[in-house]
Amino acid sequence: MLRAIFLFLITLLFVLLLGVPLLIYAAITRNSDPLYHVGVYCAAVLLRLGGIRTEVQGRDRIPAGRAVVFMANHQSNVDPPAIFACLPPVLVIAKKESFRIPVLGPAMRMRGFIPIDRKDRERAIEAVQKAALALRAGSSFLVFPEGTRSPDGRLQPFKKGAFILALEASVPIVPVSLSGACRIMRKGDLAIHAGTMRITFHNPIPTEDRRIDDGLMDEVRGAILQGLAEDEWPIEEPSSRPHT
């Protein structure tokens, strides 16, 4: 718990000393790049201060010069800062509640992050369509197809929205495996533990001429499973586990 309190205080310091001035700068200049890059850098610093190490594999598999949808499993609140530090600039479809957080919310909107209301189907569809337009315009996205954090670190069922997004924009999907994050910070637990998190990028999966019901979801799921430890595999889906 002391580690979590320490990191919270450091985060608050970063927000006050860097976040607020850069947010004002972005509002005046309409340039959010410094805000984004400093935010990613500060997130990486917080991970190191928290004793959280990352091992990254397969970053060379990220296609250069084109928009993609990065799809990652979601175990913990440490997932976003860890993966953002490894990615080229990306946008995110985030739950609308996140946009109510002071400083962070306005910064997300200014950068082009898209809020989604999971309880309103029509608004959720509108959010996906807006994201598809941004993808076609050249912006990559990071999405968590499980929709929320896993309660036990095991891979949960996927929702279709993330796949509809990639299909509508006809951009490749890059599966990403996040392993070990649940042991660092479990869902519902405020304590943060030191540890190592492994991030594995897999080969891009094209979506041209694909459909939501032609095995695309299973293909992405199978790739993500390849980078997870056995205790992170879903118990109810032994047939989808990677062969050893």
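Quick check on the chain: helices-only [θ] at 222 nm, where DSSP H runs of length 4 and up contribute -39,500 (n - 2.57) each and the sum goes over total residues. Nearest 500, please.
-11500 deg cm²/dmol
Any lysines with Cα under 17 Å of the Lys130 Cα? List them, leaving off those in the same chain fewer than 8 positions away.
Lys95, Lys96, Lys160
Once you put a point 7 Å from the Cα of Glu122 and another 7 Å from the Cα of Arg211, both along the Cβ direction, what distance in nm separates them?
Once both label points are built, they end up 2.8 nm from each other.
Based on Cβ point charges of +1 for Lys and Arg and -1 for Asp and Glu, what charge dipole magnitude is obtained for the chain about its Cα centre, in debye rounded to the nearest 20?
Details: 30 positive and 24 negative charges, 152 e Å.
So the dipole magnitude of the chain works out to roughly 720 debye.
Quick one: putting +1 on the C-beta of Lys and Arg, -1 on the C-beta of Asp and Glu, what dipole do you get for the stretch 138-244 around its Cα centre, in Debye to the nearest 20?
380
Could you please state, rounded to a whole Å, how far the C-alpha centre of the stretch 200-216 is from the C-alpha centre of the stretch 1-30?
Comparing the Cα centres of the stretch 200-216 and the stretch 1-30, I get a distance of 37 Å.
Just check the stretch 129-244 against the gyration tensor rule for me: Cα atoms, a ≥ b ≥ c as the square roots of the eigenvalues, rounded for a/c under 1.5, and otherwise prolate or oblate depending on whether a/b exceeds b/c.
Values: a/c = 2.10, a/b = 1.51, b/c = 1.39.
Judged from the Cα gyration tensor, the stretch 129-244 comes out prolate (a/c at least 1.5, a/b above b/c).
Would you mind classifying the chain by shape? Square roots of the alpha carbon gyration tensor eigenvalues, ordered a ≥ b ≥ c; an a/c under 1.5 is rounded, otherwise it is prolate if a/b is larger than b/c and oblate if not.
oblate
In the chain, which helices (entire DSSP H runs) extend 15 Å or more along their own long axis, judged by Cα positions, while averaging at least 1.0 on the Kyte-Doolittle scale? Show your work: numbers first, answer last.
Values: long enough: 2-14 (18 Å, 2.54); 33-49 (24 Å, 1.06); 121-136 (23 Å, -0.16); 216-226 (16 Å, 0.42).
Counting only whole DSSP H runs, the qualifying helices are 2-14, 33-49.
For the chain, what is the relative contact order in percent, using Cα pairs closer than 8 Å and at least 6 residues apart in sequence?
Taking the mean separation of contacting Cα pairs over the length of the chain, I get 25 percent.
What do you get for GluC sites (Glu not before Pro) in the stretch 142-236 restricted to DSSP loop and a cutoff of at most 10 other Cβ within 10 Å of the site's Cβ?
Glu208, Glu236
Rounded to whole Hz and in sequence order, give me ³J(HN,Hα) for the stretch 60-73 from the Karplus expression 6.51 cos²θ - 1.76 cosθ + 1.60, θ = phi - 60°, writing x for Gly and Pro.
For the stretch 60-73, the Karplus curve yields 5, 7, 6, x, 8, x, 8, 6, 9, 10, 7, 10, 10, 6 Hz.
Projecting each Cα onto the charge dipole of the chain (Lys/Arg +1, Asp/Glu -1 at the beta carbon, about the Cα centre), which of Ala131, Leu16, Met108 comes out farthest on the positive side?
It is Leu16, whose Cα lies furthest towards the positive end.
Full extension from Ile235 to His37: what is 0.36 nm times the residue separation minus their Cα-Cα distance, to one decimal in nm?
Result for the pair: 67.4 nm of gain on full extension.
Measuring with a 1.4 Å probe in the full set of protein chains, what accessible area per residue, in whole Å², belongs to the chain?
Details: 12720 Å² over 244 residues.
Result: 52 Å² of accessible area for each residue.
The values are calculated or read from the model by the stated rules, or taken from the named source; none is laboratory data. All values reported here derive from a predicted model rather than from experimental measurement. FYI the Cβ positions are ideal-geometry reconstructions off the backbone, even for glycines, and counts take in every protein chain you see. Ligands, DNA and RNA are excluded from the accessible area calculation, which covers all protein heavy atoms including side chains. Shrake-Rupley method; radii C 1.70, N 1.55, O 1.52, S 1.80 Å.
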